[in-house]
Amino acid sequence: MQTVLKGATREATIDTEGQAVIVGERINPTGRKKLAAALQAGDMALVLESAAAQVAAGAEVLDINVGVPGLDDVAVLPRVVTVVAEAMGVPICIDTPNPAALAAALKVVPGKPLVNSVNGEEASLRSVLPLVKDRGAAVIGLTMDDNGIPMDAESRVKVAGKILERAAKLGIPAADVIIDPLVLTVGADSRAGVVTLATIERVRKEFGVSLNLGASNVSFGLPDRHTINQAFLALAVGRGANCLITDPGKLAGIIRATDLLLGRDEYAARYIAYFRALPKVTV
Ligand code: THG
């Protein structure tokens, strides 16, 4: 099953049988004070530097999140989306919990974007899915609902099924719905990783759809987060995660290595090309 995201000049194919697609996570002010200040001031230089560095490091899609408290996201999100989409040409992943900001961004984004995200809550399904349908976008479906993130795989699979059903009712094909099983930190609950891995396996088996993961939560609060993130990404891609919201400057290597080990990289061409093109710095 596959969906082809489109940017101003480039495309990205998210394919359950293909190589994992990296969605660059760094245009996000969480933990980045300078970026938060730049977004507040309307200064796009740092955003554009981050965008270029991530694409150079292997991002095929760029996630854009402008979640700064007090910031007018209905005005700022479409502006950042426009600037990044035009400068980089890659498809955009619009990351916002605010349906008004999402609607504004969908009006200006070129091509076929990825909407991040809908979840199993009634209010989310009702506000987000019609926007996705009208724009012909693809959407990430988070396996959480009005009761929060379920602690077991079976309940998360149920939420995934509900999202897929509601999308289908509106005429959004399953190929355009990418399920995100979510991961909590293994620092608080050592079973958090296996619940997510089991959800990936079961969602893929039951529904055959693509799976997204933002892996860095898994290591929160623990030392040497990078090692845990790398191990988790390899396991998750091995189970069927094929769309990864992550920092390609740090994690593209493990993702390309995993694709190679899974027999999806003939002559190791992509793995080798990744190292040849490696940028020296990450912004
Ligand atoms: N699923 C979906 N969308 C998501 C997530 C997910 N969007 C947001 C998040 N999770 C993924 N994006 C980020 C962005 C930044 C960081 C983690 C996940 C991060 N930032 C560093 C910090 O906070 O310490 C700071 C950045 C730096 O300077 O290095 O970790 O799960 N669908």
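A few remarks follow.
- Per-residue [θ]222 nm for the chain (sum of -39500 (n - 2.57) over DSSP H runs n ≥ 4, rounded to 500): -14500 deg cm²/dmol
- The radius of gyration of the Cα set in the chain, together with its Dmax, comes out at 17.6, 50 angstrom.
- From least to most packed, judged by other beta carbons within 10 angstrom and beginning with the fewest, Met44, Met88 follow the order Met44, Met88.
- Shape metrics for segment 153-283, restricted to C-alpha atoms - Rg then Dmax, Å: 15.9, 48
- If you run the Gaussian network model on the chain, springs between alpha carbon atoms under 10 Å, then out of Leu233, Leu222, Leu125 the most flexible one is Leu222.
- Spatial separation of Cα centroids for segment 189-263 and segment 149-182, in angstrom: 18 Å
- Stretching the chain fully between Ala188 and Arg126 yields a gain of 19.0 nm (0.36 nm per residue, less the alpha carbon separation).
- Measuring nothing but how far apart in sequence close Cα pairs (under 8 Å, 6+ apart) lie, relative to its length, segment 117-199 scores a relative contact order of 31 percent.
- Kyte-Doolittle at least 0.0, axis length at least 18 Å by Cα - qualifying DSSP helices, the chain: 73-88, 192-207, 225-239, 248-261
- In plain terms, the residue of Thr9, Thr258 with the fewest other Cβ atoms within 10 Å comes first and the most crowded comes last, giving Thr9, Thr258.
- Förster radius 22 Å - calculated FRET efficiency between Ala45 and Leu278, Cβ distance, rounded to 0.05: 0.40
- Ala87 paired with Lys34, simple spin-label distance in nm, labels 7 Å along Cα-to-beta-carbon: 1.4 nm
- Using a cutoff of 8 angstrom between alpha carbon atoms and counting only pairs six or more residues apart, the relative contact order for the chain works out to 20 percent.
- Ascending count of other beta-carbon atoms within 10 Å, so fewest first, for Phe207, Phe232, Phe220: Phe220, Phe207, Phe232
- Residue list for segment 124-154, given a label point 7 angstrom along the Cα-to-Cβ vector of Ala100 and an amide N cut-off under 19 Å: 124-132
- In this structure, Phe220 and Tyr267 have a Cβ-Cβ separation that, at R0 = 30 Å, corresponds to a calculated FRET efficiency of about 0.20.
Any read-out appearing in this document is the output of simple, stated calculations on the displayed coordinates, not a laboratory observation. Small disclaimer: the values here were computed from a predicted structure and weren't measured. Backbone-built Cβ (ideal geometry, glycine too); neighbour counts: all protein chains shown.
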